[in-house]
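Chemist: I'd like to ask some things about the structure below.
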There are 2 protein chains.
Amino acid sequence: MADLSRLSLNTATTKAWTLAEAVDGAARAGLPAVGLWRDRVAEAGLENAARIVADAGLRVSSLCRGGFMTAADEAGKAAALDDNKAAIVEAATLGTRELVMVVGGLGAASAPGGPALPDGDRDLVAARQRVADRVADLAPFAAEHDVRIVLEPLHPIFAADRAVLSTMKQCLDLAEQFPAETVGVVVDTYHVWWDPDLREQIARAGAQGRIASYQVCDWLLPLATDALLSRGFMGDGYIDFPTITSWIAGTGYTGDVEVEIFNQQIWDAPGDETIATMAQRYDTLVRPYL
Amino acid sequence: MADLSRLSLNTATTKAWTLAEAVDGAARAGLPAVGLWRDRVAEAGLENAARIVADAGLRVSSLCRGGFMTAADEAGKAAALDDNKAAIVEAATLGTRELVMVVGGLGAASAPGGPALPDGDRDLVAARQRVADRVADLAPFAAEHDVRIVLEPLHPIFAADRAVLSTMKQCLDLAEQFPAETVGVVVDTYHVWWDPDLREQIARAGAQGRIASYQVCDWLLPLATDALLSRGFMGDGYIDFPTITSWIAGTGYTGDVEVEIFNQQIWDAPGDETIATMAQRYDTLVRPYL
């Protein structure tokens, strides 16, 4: 019998399921935790979602996602603060400290296929500064609610449209300006596996107590038409899970390991099969190295 | 009249043209240089290609490409050395010092859609070490021929299948083990625009005299089905050319600026139009900041 005591199902992996179905599926498979997306929480209603998870005896490993805070105009800044404060309250209500942040892309570029970029919107350095400014704005509110702002470095393929933070080092350089209880980082193998600096930055994050979540899924080729959906089960792609997992374990990380896969073929499969496969891969490629 | 005295046409940009046609087209448009791909050179014949360029009074800004040297088996290593020595001889014959290297991906992964990866082939750290070993093998031969091994950091989207060197810093850490005349780096905006460390590493490369080429093209979204083909004219995507170009200029770089675009739509257009557009974009977004 596999030891699944640290394995968490992110609800994005079983996209066809409602929150209640995902919680049932995870519990049925013997998983102790779920990572929740806000859309599924909203659908169920916040209080109800919290009750569903608690009644099943599961913990919430993280809430996805806050972020998208690169807007340069006052209305955009205010909207980002409002939305992220709401997300902080949701995380607290759901009983997780970890609010994962996809920080946003290059201003108007956040809407691919949208209108041409205004001049200033290609200024990556300025967009990153706006992220730092918004994190500073939000940190006191997060601390009051005992929720951690978890910065997620996204693969550089998403630097234009989703996240101007691309590396662990960048996220840690920003996080370090705040207490470890208030700003952390998530290590998602899909986004960071290629980083030549990964071992060192995982060690740094661990030493500071900032690893809020370890998320695992594989890098598949060829890329899906929507690159976001090129994530796969561990072992189906190019990522060296034993090595990266041993780096995580080397920091003394004792938290959950979340599986978050966006992949149309997996979404089209029955949820119970998906959980069975991810548990089997976890048991082979991840758990032995934890 | 635009000042095109540092603009070079990479033959990959006008893919439908033979080498002779590309050289004619570049000369007709008033460009002083071409960057050559080895397939076009082989097609024309090496000596003939050298003569075509010389007769047109152009210089060769770089030869693309050597590399693909991550094989772990003896036969694969020997084949990589043979092929790269041939490329070094070709560069010398063509009168360029700069041989651009796409170093190769994760072993068997170099053939996407190929067979499943053998176990050791996901070891990115080991693959990088093999690149370093092959560069060391080749450096004396390159130096004898007065040719520079030019390491190209490729966007991390290509880390699995094309290049295990993803950042300027990685390339420079390796290059620094050799004289600047023997191992250099190329700055290709498409590959490095997202790098939070870019300004610092460009300065480092420049201070060491290792910038062998500055290549410009834009990052387009949505990605093409073949991600390789998502490159576009400067100004059509998300890259901040004035800023990056000013960093290059700040190092005192006086070399050519090569335009290398892989894009089916551009390939389908008449070559003269393509050159006119790239010259216009260069004159607006790049040259004023050089």
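The values are calculated or read from the model by the stated rules, or taken from the named source; none is laboratory data. All of these numbers come straight from a predicted model, not from anything done at the bench. Using ideal geometry, Cβ is built from the backbone for each residue, glycine included, and neighbour counts are taken over all protein chains shown. We work out accessible area using only protein heavy atoms, side chains counted, and drop any ligands, DNA or RNA first. Shrake-Rupley method; radii C 1.70, N 1.55, O 1.52, S 1.80 Å.
Chemist: Which ³J(HN,Hα) values, rounded to whole Hz and listed in residue order, are derived for segment B:176-185 from phi using the Karplus coefficients 6.51, -1.76 and 1.60 in 6.51 cos²θ - 1.76 cosθ + 1.60 with θ = phi - 60°, glycine and proline given as x?
Modeler: Values, residue by residue: 4, 6, 9, x, 4, 6, 9, 10, x, 9 Hz.
Chemist: Also: Go through B:84, B:289, B:10 and say which Cα lies farthest out towards the positive end of the charge dipole of segment B:7-289; charges sit on Cβ, +1 for Lys and Arg, -1 for Asp and Glu.
Modeler: About the Cα centre, the residue reaching furthest to the positive side is B:289.
Chemist: Ignoring ligands, DNA and RNA, please state the percent of accessible area on the protein assembly as shown from carbon and sulfur, probe 1.4 Å.
Modeler: Of all accessible area on the protein assembly as shown, carbon and sulfur atoms account for 51 percent.
Chemist: Setting aside same-chain residues fewer than 8 positions from residue A:77, which lysines have a Cα under 19 Å from its Cα?
Modeler: A:85
Chemist: Segment A:61-79 to segment A:210-256: how many Å between their Cα centroids?
Modeler: 25 Å
Chemist: Continuing with this model, one more query. Can you compute 3J(HN,Hα) from phi for each residue in segment B:227-242, using the Karplus curve 6.51 cos²θ - 1.76 cosθ + 1.60 with θ = phi - 60°, rounded to whole Hz and x for Gly and Pro?
Modeler: 4, 4, 9, 8, 7, x, 4, 4, x, 8, x, 10, 8, 8, 5, x
Chemist: Quick one: Debye curve from the C-alpha atoms of segment B:162-290, no solvent, what's log10 I(q)/I(0) at q = 0.10, 0.12, 0.22 Å⁻¹?
Modeler: Per q value, in the given order, log10 I(q)/I(0) is -0.32, -0.46, -1.33.
Chemist: Taking the dipole about the Cα centre of the protein assembly as shown, with the C-beta of Lys and Arg at +1 and of Asp and Glu at -1, give me whichever of B:207, A:201, B:192 is farthest to the positive side.
Modeler: Of the options given, the answer is B:207.
Chemist: Which translational diffusion coefficient, to the nearest whole µm²/s, is obtained for the protein assembly as shown from the Stokes-Einstein equation, given a Kirkwood hydrodynamic radius over C-alpha pairs, 25 °C and 0.890 mPa s?
Modeler: For these conditions, the coefficient is 98 µm²/s.
Chemist: Using amide H atoms built 1.01 Å from N in the peptide plane, name the residues 5+ places from residue B:98, or on other chains, whose amide H lies under 5 Å from its own.
Modeler: Correct list: B:63, B:148.
Chemist: Sticking with this one: How far apart, in nm, are two points set 7 Å out from the Cα along the Cα-to-Cβ line at residue A:39 and at residue A:137?
Modeler: Those two pseudo-labels are separated by 2.5 nm.
Chemist: Can you give the net charge of the other residues whose Cβ lies under 13 Å from the Cβ of residue A:283, counting K and R as +1 and D and E as -1?
Modeler: It works out to a net charge of +2.
Chemist: Comparing A:66, A:232, A:250, which has the greatest mean-square fluctuation in the GNM of chain A with Cα pairs linked when under 10 Å apart?
Modeler: A:250
Chemist: Here is a further query. Scan around residue B:188 for amide H atoms under 5 Å from its own, H built in the peptide plane at 1.01 Å from N, and keep only partners 5 or more places away or cross-chain.
Modeler: Under 5 Å from the amide H of residue B:188 lie the amide H atoms of B:215, each far enough along the sequence or on another chain.
Chemist: Accessible area lost on pairing A with B, both sides, 1.4 Å probe, Å² to nearest 100?
Modeler: Buried surface at the A/B interface: approximately 2500 Å².
Chemist: Considering Cα pairs under 8 angstrom that are at least six residues apart, work out the relative contact order of segment A:7-289 and quote it in whole percent.
Modeler: 19 percent
Chemist: Same structure, new question: At 1.4 Å probe size, with every protein chain present, just tell me what the per residue accessible area of the protein assembly as shown comes to in Å².
Modeler: Accessible area per residue, the protein assembly as shown: 36 Å².
Chemist: Relative to the Cα centre, what is the charge dipole magnitude of chain B, using +1 at the beta carbon of each Lys and Arg, -1 at the beta carbon of each Asp and Glu, and rounding to the nearest 20 debye?
Modeler: 380 debye
Chemist: Quick one: what do you get for segment B:171-218 if you divide its Cα Rg by 2.2 N^0.38 Å?
Modeler: Relative to the rule-of-thumb radius for its length, segment B:171-218 sits at 1.10.
Chemist: Cut-off 10 angstrom, C-alpha nodes, Gaussian network model of chain A. Which of A:70, A:93, A:13 fluctuates the most?
Modeler: A:93
Chemist: Taking the label point 7 Å from Cα in the Cβ direction, how far apart in nm is residue A:225 from each other copy of itself, listed shortest first?
Modeler: Listed shortest first, these distances are 0.9 nm.
Chemist: Taking the label point as lying 7 angstrom from Cα along the Cα-to-Cβ axis, what are the distances from residue A:181 to the corresponding position in the remaining copies, in ascending order and in nanometres?
Modeler: For residue A:181, the other copies' label points sit at 6.1 nm, shortest first.
Chemist: Pick from B:29, B:49, B:142: which residue has the top mean-square fluctuation in a GNM of chain B where Cα pairs under 10 Å get a spring?
Modeler: B:29
Chemist: Also, quick follow-up: Just check chain A against the gyration tensor rule for me: Cα atoms, a ≥ b ≥ c as the square roots of the eigenvalues, rounded for a/c under 1.5, and otherwise prolate or oblate depending on whether a/b exceeds b/c.
Modeler: Rounded shape, in that the Cα axes give a/c under 1.5.
Chemist: With θ taken as phi - 60° and the coefficients 6.51, -1.76 and 1.60, list the Karplus ³J(HN,Hα) couplings across segment B:255-267 in order, rounded to whole Hz; mark glycine and proline as x.
Modeler: So the J values, rounded to whole Hz, are x, 6, 10, 9, 10, 10, 10, 9, 6, 4, 5, 5, 5.
Chemist: Separate question: What nm distances, shortest first, do you get from the label point of residue B:250 to those in the other copies when the point sits 7 angstrom along Cα to Cβ?
Modeler: Listed shortest first, these distances are 3.3 nm.
Chemist: Could I ask something else about it? Heavy-atom accessible surface, probe 1.4 Å, ligands and DNA/RNA ignored: which residues of segment A:214-239 lose at least 40 Å² versus the isolated chain?
Modeler: Residues passing the criterion (a loss of at least 40 Å², heavy atoms only) are A:221, A:223, A:238.
Chemist: Which lysines have a Cα lying under 19 Å from the Cα of residue A:169, excluding residues fewer than 8 positions away in the same chain?
Modeler: Answer for residue A:169, where 19 Å is the Cα cut-off: B:169, listed by chain and number.
Chemist: Also, I was wondering about something else. How much net charge surrounds residue A:218 when only other residues with a Cβ under 12 Å from its Cβ are counted (Lys, Arg +1; Asp, Glu -1)?
Modeler: -1
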